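All of the numbers you see were taken from the coordinates with simple rules; none came from a lab. Since this is a predicted model, take the numbers as computed values, not measurements. Cβ sites come from the backbone with ideal geometry, for glycine too, and all protein chains shown count toward neighbours.
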C-alpha cells in the first residue's frame, strides 16, 4: 500500500489554526468535528453557521449583521451577509506599529522595507490624493504596475474610499492594456517609469503615452519613479509623480467608510486568449472572508509570519498575497525574473527574508528540477513551513522533487481555483497527509463535486469540476453585463444551478483531487477524453525535453494527438528521441495517450501569468485566427506552429 509523502507531526496538528477552529465550532455548535472530513461536511451542510464561524474566528472588522446567507438555493442569486458593512483596507491595516508590513526585493538588488505605520500613512495619503482627483465610491483606479509596494498602496488606498482597483502587469503592450482598462474607464492610472526583468530594462513611459491618449476617462496618470528618480513626464498629459500625488492627499481625513459586503473591490480579467477579456467584478466581503479562510485555516498563516508568492500584478495570486496583511503577516515582494541571475534567486530571497510561506508555480518547480538545482543542499530554508503551488497541475514527480531536493518537513499545498473566484476550490489541509500527485482537499465551504457528462456526481473517475452550492467569492458580476447574461453563460449554462468551472479532474480515494487540465483543452481521439496534464507529466520526464504542449488536430474525420516539444539547447528531435518520448507515454499512461505526431519548436506560447495556451496553438494549426494576441506574453511564438509540413502527413 502506498504511503503519504508527508504527514504533519502531532505538535504541528495541535498548534494549527484549523485545529483551534474545529474546537471552536465543536463548542459553539455542539457538533463533533474531530477531523477534516467532519468539519468539511459541517461547512457544506450548515453554511450559515460555518461562514459566521469564519467571520468570528478571523476577527473581521465591521458590522456582521444577523443574516449570513440569503436565498441559499439560488446559484447565482444567493447573498452572503446581506446586512454587513466593512472596509477591506481597514481590515488589512489593523496594525500601525514599527514592525515590517512589506519586505521588497528585486532582481537588480533594490531593497525596501515598509513598517505597518508607514504603510497605513501611505495608504491614507494615496486615498486623499484620489479624493482630490474626484475619485469616489465605485470609481475605478487602474494599475499598470510591477510588483511594488506602491501597487499595494494603490489597491488599499482605492479600497479605503470604496473605489475599485484593477491591475495588470507592465509587460502588456498598449493594446492589451486598452483591451482591459478601456472597458472599465478608470479615473486614475498608476504606472512605474520602467522595470527590470531577466537582466533587461523595459521602459513603460512610451506605452503609457499611447494608453493615456486613448482613455479619455483619465483625470490623473500617477508615475512611480522606480528606475529613474526623475522620469521625464513633461510630455505625458495629466501626469504627476507619485510623491506629489500622495502629498496632495495629506490634508484629507480618510475614515475607512464601511460599505456593503458585496461592494465592488477588484476587477480582474480573464486571460483573453479567445477574445476581449471578461471584466470580472469581485466584492470586498467575499474576497476578504475567502482569503482569510484560505490563509489561516488552509495555509496556517498567523500574525508575524512572512508570506511570499511569486506573482505579477496581473495574476489573481497577487490579490491573494495582498490579503495576507489581514492576518497580520508581513508580505515578501519580489519583482523580476524568478531565474535571475540563476535558479537560486527565490531561495536566496526566502532565506534573506525568513519567509514562512513560499508560493510559486508548478512550472517553476519543474524548471528548477530541470536546471538540477538542489536548494536543500545550498540553502537553509529553516523558516519555510508551507510551500504553495498553483498555475497548472503539480505532477507527482514534482512532489518527489520538493521533498527530496527542497525540504523534507514542509506542508506542500498544491491549490487550484481561478481569477473567476479570486480564490481556490481545492487546496491544502495542514492537519492531514500529503499524497503524491494529489491536491489534498476540497476547501471548507466549497461544495466541490465531479460531474459526468449527464450531470451525475462521480468519484475515482474523470469528469468536470463543479461547485453545487453558493460561496462568498462568486463574482458580483461582469462589467457591462447589466442583465447578467454573460455571467450566467460563463458558469451556469452546462449544469443549471451549478457552478461549472471548466477543469477536468478526478476525486480520489483519499478525498483529494487530481487535475488533468482545462476541459476546453481536453483531447478526444476516438471519443476517449484525455487530459493534457496526463501527457505533460510523462513528456517532462524525458531529460532532453524542457517542456511540451499538446493539442488535438482534426484529421480524417477524427482527432489525433499532436505533441510539440521544446528541447534542451543542442538537442535534436531524432527518430530515436521521438520513440523514447512515445515509449515513456505508452509505458506510464496508455497507448491512447501516444501522440501521432511529435514536432520540435523553439518556444511555447503562454499567457502573461505563465500558463501555456493550447487553444491558441490549436487555432493556428487549423488555420483559424487567434482573437487576442495581446493576451500572450510571447505571441511571436505562434508563428512556429503555422503550416508545419509534419502536420500535413
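Things worth noting here:
- Once the C-beta distance of residue 98 and residue 636 is scaled by a Förster radius of 41 Å, the resulting FRET efficiency is 0.25 to the nearest 0.05.
- Only helices enter this figure: runs of n ≥ 4 DSSP H residues, each worth -39500 (n - 2.57), summed and divided by the residues of the chain, yield -8000 deg cm²/dmol at 222 nm to the nearest 500.
- Ordering 202, 295 from the fewest to the most neighbouring beta carbons within 10 Å gives 202, 295.
- Separation between Cα centres of segment 483-539 and segment 10-47, rounded to whole Å: 30
- Length-normalised contact order of the chain in % [C-alpha pairs under 8 Å, at least 6 apart]: 13
- FRET efficiency estimate (nearest 0.05) - Cβ-Cβ, residue 37 to residue 592, R0 30 angstrom: 0.30
- The gain in end-to-end length when the residue 15 to residue 378 segment is fully stretched comes to 127.7 nm, 0.36 nm per residue minus the alpha carbon separation.
- When both segment 223-242 and segment 561-615 are represented by their alpha-carbon centers, they are found 45 Å apart.
- What the Cα atoms of segment 11-91 give is an Rg and a Dmax of 14.1, 43 Å.
- Compactness index (Cα Rg / 2.2 N^0.38 Å), the chain: 0.93
- Each of 197, 536 was scored by other Cβ atoms within 10 Å of its Cβ. Listed from fewest to most, they are 197, 536.
- Percent RCO, i.e. relative contact order, over segment 272-361, from Cα pairs under 8 Å lying at least 6 residues apart: 32
- Here the residues 508, 574, ranked from fewest to most Cβ neighbours within 10 Å of their Cβ, fall in the order 574, 508.
- Length gained on full extension, residue 454 to residue 206: 84.0 nm, using 0.36 nm per residue less the C-alpha separation.
- Directionally averaged projected area (segment 522-648, Cα convex hull): 7.7 nm².
- Gained length - residue 244 relative to residue 510, 0.36 nm times residue gap less alpha-carbon distance: 90.1 nm
- Between segment 293-307 and segment 331-382, the C-alpha centres lie 20 angstrom from each other.
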